[in-house]
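Enquirer: Before I ask anything, let me first share the structure, which is written out below as structure tokens.
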Amino acid sequence: MPVNPNAKLVENLFAPDIKQEPTRAGYGEGLKRLGETHPNVVALCADLTGSTMTKKFADAYPNRFIQVGVAEQNLVTVASGMAAAGKIPYIASYTMFCPGRAWEQVRTTICYNDQPVKIAGAHAGVSVGPDGATHQAIEDMAIMRVIPNMQVFAACDAIENRKVTMAIADTGKPAFFRFQREKTPVFTTEETPFEIGKAQVYWEGDGVAIVACGPLVYNALLAARDLEAEGISCMVINNASIKPMDEDVVIAAAKKCGAVVTVEEHQVMGGMGSRVAEILAQQCPVPMEFVGVHDRFGESGEPNQLIEHFGMGVGSIKEAVKSVLARKK
Amino acid sequence: MQHLDDEKIKFLESTAQQIREDIIAMLLAAGSGHTAGPLGMVDVFTALYFHILRHDSANPQWEDRDRLILSNGHICPVLYATMARAGYFAPDELKTLRKFGSRLQGHPHRMMLAGLETSSGPLGCGTSQAVGMAIAARMDKKKWQVYALLGDGELDAGNNWEAFMLAGKLKLDNLTILIDRNNIQIDGMTEDIMPMEPIRAKFEAFNWHVIDINGHDFYDIINGFAMAKGIYEKPVCIISHNIPGKGIESIEFDFAWHGMPPKDAAQADDFLNQLRTLKGKIKSEHE
Ligand SMILES: Cc1ncc(C[n+]2csc(CCOP(=O)(O)OP(=O)(O)O)c2C)c(N)n1
Ligand SMILES: [Mg+2]
């Protein structure tokens, strides 16, 4: 099995009973741990303390937690002010509302001022499920990565999201990181590398490079395993650092495989895959396919049903691999 | 507005009872969704759709209809159930709430269901849209009224206050908003999360006329809206004092029920039993 041994993924990678945990749990845990080591870390929330998992920090450090009510524009701008006065604010809401609602405030008061505010975007993607399109953020990576100074991350499981939460504390930069509501497989370990600006090869191959982010990395691995049985060799890259993106790994993958499929729970316009395309168009143009949402709104349904419906299931990834292979010279 | 007598009140009460039962059944079938807010607003919705609003379920696009904006979209189970009972669609469809392919999206989607004036869910935007409609109606000398329904936690959102200022400035007397004053939001009681009182004084300072009502008394609800229609030169804010979870004594006033459905069929049965038997204290005729 071509799992990259350096990725230190779990032993039972494809076991049906692999441990499942929502990525948001990693935020709750990471933030609480930061509370212990970083006295200047503070947390703010807009009436979603439980579901964003901010509660762990709020309970442990009530004097360093501010409840702003249902007021995301105020959330963002107050955090900017606290950062200007020496704090490292972590602010949380549903991604749709923050940064969704507060984009210009994020741009001017956080990024233009280059304040180290950390925006935790919970309930990202269509996998939010029954709440429907109003609550399913699928444009957030696009609107955040276009702002100068902003860093953007999308972790693949709860452990990696905890690492993201903690790694951005000391950058001195603004950051946005998105994560999901539903339980998803925990397939990385404590030893799995995560580094800002680095992509990680999880599965080795040379036919098609699948560059994925978020919990869909697991679907990409399932697709690579199935395709291997069909005689198609794939490389799977966890591209959690959307900005800065690891150009070296992306270019090397395109050179080695000669074809790329990107996978994200996001609009394909402007998202992670678009950034990969920007890099490759300049440095190493190869045929590409984009797995993600194609210019549509989400809708109500069960999380997995929606992942399938919007073409992000394992089957859709396999199809994308085959169609990009057909175009490969 | 139609004449209100004891017989009509009885009809409204039994319709409200039906809608409460619908809501429990819908939420159980959906397996997710909001319980407290919808149950607390049943009487207001019943009064609106069965007495106050000028509307025609057979012709949802009727040009002269009153416009009703649901700003706090998460309480849509009560909107859907009331619309079904008012003839917009068959009550059978209610059990598709939140399911894939349903017109009854988890938060209302205007493009899916005739009779919805706007899509909502993200809080704080309904009043501004209602203000826009009221301005347009005034420009075109239309007689229809604009109503917007808001949550009290929703008042935290600044967008509301921008709209309140504009409505006051423009003296939009064809606009009435109703605040679901149930004192809860997600993280707790509104006065703990973000104190809102004195709400009346805030609106009066913004040049609104304010009416307090008991949101579970049909005379009070209907008189409140009748009075609102008679106010000239000012927009009107009705503060509807509501009990979250109203009708199911075991969950009333508990903010934990903001966004939880009944956990299983047994709990839903218990809720229905509480509804049908005067808080469960007398035996149900259905038993
Ligand atoms: C802009 C925005 N931020 C956050 C949310 C999440 N949210 C949904 S309902 C709610 C609480 C609103 O309180 P209230 O209006 O009083 O509703 P109630 O609990 O009484 O039903 C919040 C924060 C949202 N829907 N929209
Ligand atoms: Mg409330």
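Enquirer: Do the conditions hold for A:LEU13, that is, is it closer than 19 Å to A:ASN238 by Cα, touching a Phe, Trp or Tyr at 6+ places or on another chain (Cβ under 8 Å) and assigned to a loop (DSSP other than H, G, I, E, B)?
Expert: Yes.
Enquirer: Suppose we filter A:ILE159, A:ILE147, A:ILE91, A:ILE138 for residues that are in contact with a helix residue (DSSP H, G or I) (Cβ under 7 Å, 6 or more places away or on another chain), farther than 28 Å from A:THR192 by Cβ, of a type in the set (A, V, I, L, M) and at pLDDT 95 or above; which single one remains? Before you say what the answer is, go through the steps one by one.
Expert: Numbers: A:ILE159 fails: farther than 28 Å from A:THR192 by Cβ; A:ILE91 fails: farther than 28 Å from A:THR192 by Cβ; A:ILE138 fails: farther than 28 Å from A:THR192 by Cβ.
Just a single option satisfies the conditions, and that option is A:ILE147.
Enquirer: Moving on. Could you list all residues from region B:194-215 that are open to solvent by less than 20 Å² (accessible area, probe 1.4 Å) and within 13 Å of ligand 2 (Cβ to nearest atom)?
Expert: B:MET196, B:ILE199, B:GLY215
Enquirer: Next question, about the same structure. From the list A:VAL164, A:VAL152, A:VAL126, which one is within 13 Å of another protein chain (Cβ to nearest Cβ), in contact (Cβ under 8 Å) with a residue 60 or more places away in the chain and within 17 Å of the chain's Cα centre (by Cα)? Quick ask: steps written out before the conclusion?
Expert: On the way: A:VAL164 fails: within 13 Å of another protein chain (Cβ to nearest Cβ); A:VAL152 fails: within 13 Å of another protein chain (Cβ to nearest Cβ).
Exactly one residue qualifies, and that residue is A:VAL126.
Enquirer: Would you confirm whether any residue within region B:230-238 is farther than 27 Å from B:ILE135 by Cβ and either touching a residue at least 24 places away in the same chain (Cβ under 8 Å) or in contact with a helix residue (DSSP H, G or I) (Cβ under 8 Å, 6 or more places away or on another chain) (or both)?
Expert: No: zero hits.
Enquirer: So, one more: Could you grab the pairs with beta carbons closer than 9 Å, sequence gap of 6+ or different chains, first residue in region B:151-166 and open to solvent by less than 40 Å² (accessible area, probe 1.4 Å) and away from ligand 2 (no atom under 13 Å from the Cβ), second one at pLDDT below 95 and assigned to a loop (DSSP other than H, G, I, E, B)?
Expert: none
Enquirer: Only one residue in B:LEU178, B:LEU172 is away from chain A (no Cβ under 14 Å), touching a residue at least 60 places away in the same chain (Cβ under 8 Å) and either within 16 Å of ligand 2 (Cβ to nearest atom) or farther than 17 Å from B:ALA137 by Cβ (or both). Which one?
Expert: Details: B:LEU172 fails: either within 16 Å of ligand 2 (Cβ to nearest atom) or farther than 17 Å from B:ALA137 by Cβ (or both).
Step by step, each of B:LEU178, B:LEU172 is checked, and only B:LEU178 is away from chain A (no Cβ under 14 Å), touching a residue at least 60 places away in the same chain (Cβ under 8 Å) and either within 16 Å of ligand 2 (Cβ to nearest atom) or farther than 17 Å from B:ALA137 by Cβ (or both).
Enquirer: Looking only at region B:47-102, which residues are under 14 Å from B:GLY115 (Cβ atoms), open to solvent by 30 Å² or more (accessible area, probe 1.4 Å) and either within 16 Å of ligand 1 (Cβ to nearest atom) or within 14 Å of another protein chain (Cβ to nearest Cβ) (or both)?
Expert: B:GLU93
Enquirer: Test each condition in (1) within 16 Å of ligand 2 (Cβ to nearest atom); (2) touching a strand residue (DSSP E or B) at 6+ places or on another chain (Cβ under 9 Å); (3) more than 11 Å from chain A (Cβ to nearest Cβ) for B:ALA137 and report the one that comes out false.
Expert: Only one criterion is unmet by B:ALA137, namely (1).
Enquirer: Exactly one of (1) within 16 Å of ligand 2 (Cβ to nearest atom); (2) in a strand (DSSP E or B) is unmet by B:ILE69. Its number?
Expert: (1)
Enquirer: I would also like to ask the following. Is there a residue being open to solvent by less than 10 Å² (accessible area, probe 1.4 Å) and in contact with a Phe, Trp or Tyr (Cβ under 6 Å, 6 or more places away or on another chain) anywhere in region A:130-143?
Expert: no
Enquirer: In addition: Return the total of residues in region B:103-129 being more than 16 Å from ligand 1 (Cβ to nearest atom) and either touching an Asp or Glu at 6+ places or on another chain (Cβ under 8 Å) or open to solvent by less than 10 Å² (accessible area, probe 1.4 Å) (or both).
Expert: The number of residues fulfilling the criteria is 4.
Enquirer: Quick one: in region B:169-193, which of the residues that are open to solvent by 10 Å² or more (accessible area, probe 1.4 Å) and within 24 Å of B:ASN223 (Cβ to Cβ) is nearest to ligand 1 (Cβ to nearest atom)?
Expert: Looking at residues that are open to solvent by 10 Å² or more (accessible area, probe 1.4 Å) and within 24 Å of B:ASN223 (Cβ to Cβ), I get B:ASN182.
Enquirer: Scan region B:69-101 for residues that are within 18 Å of the chain's Cα centre (by Cα) and at positive phi and jot them down.
Expert: B:GLY87
Enquirer: Please find, within region B:140-150, the residue that is most open to solvent (accessible area, probe 1.4 Å) out of those that are in contact (Cβ under 8 Å) with a residue 60 or more places away in the chain and more than 14 Å from chain A (Cβ to nearest Cβ). If you could, list the steps in order and put the result at the bottom.
Expert: Initially, region B:140-150 is screened for residues in contact (Cβ under 8 Å) with a residue 60 or more places away in the chain, giving B:142-150.
Pick out the ones that are also more than 14 Å from chain A (Cβ to nearest Cβ) and you get B:142-149.
On the way: B:LYS142: 73, B:LYS143: 165, B:TRP144: 23, B:GLN145: 21, B:VAL146: 0, B:TYR147: 5, B:ALA148: 1, B:LEU149: 2 Å².
Looking at the filtered set, the residue picked out is B:LYS143.
Enquirer: Just to confirm my filter: which strands (runs of 3 or more DSSP E) fall fully inside region A:20-111 and include at least 2 residues that are within 11 Å of ligand 1 (Cβ to nearest atom) and assigned by TED's automatic domain parsing to the domain that holds A:ARG181?
Expert: A:88-94
Enquirer: In region B:196-242, how many are within 16 Å of ligand 1 (Cβ to nearest atom) and closer than 18 Å to B:PHE253 by Cβ?
Expert: 8
Enquirer: Here's another thing I want to ask about it. Looking only at region A:50-79, count how many residues are surrounded by fewer than 24 Cβ atoms within 10 Å (Cβ to Cβ), more than 13 Å from chain B (Cβ to nearest Cβ) and in contact (Cβ under 8 Å) with a residue 12 or more places away in the chain.
Expert: The number of residues fulfilling the criteria is 4.
Enquirer: Related question: Tell me which residues, restricted to region B:260-270, are in contact with a Ser or Thr (Cβ under 8 Å, 6 or more places away or on another chain) and open to solvent by less than 50 Å² (accessible area, probe 1.4 Å).
Expert: B:PRO261, B:PRO262, listed by residue number.
Enquirer: Does A:GLY298 meet the test of being under 21 Å from A:PHE179 (Cβ atoms) and within 14 Å of chain B (Cβ to nearest Cβ)?
Expert: Criteria met by A:GLY298.
Enquirer: Output the residue which, of all residues in region A:85-108 that are surrounded by fewer than 22 Cβ atoms within 10 Å (Cβ to Cβ) and more than 19 Å from the chain's Cα centre (by Cα), is farthest from the other protein chains (Cβ to nearest Cβ).
Expert: Among residues in region A:85-108 that are surrounded by fewer than 22 Cβ atoms within 10 Å (Cβ to Cβ) and more than 19 Å from the chain's Cα centre (by Cα), the one farthest from the other protein chains (Cβ to nearest Cβ) is A:GLY86.
The values are calculated or read from the model by the stated rules, or taken from the named source; none is laboratory data. Because the structure is a prediction, the values reported are computed rather than measured. In this analysis, Cβ positions are derived from the backbone assuming ideal geometry, glycine residues included, and neighbour counts consider all displayed protein chains. The protein model used for the area step is the full one, side chains on, heavy atoms only, and it has no ligands, DNA or RNA in it. Shrake-Rupley method; radii C 1.70, N 1.55, O 1.52, S 1.80 Å.
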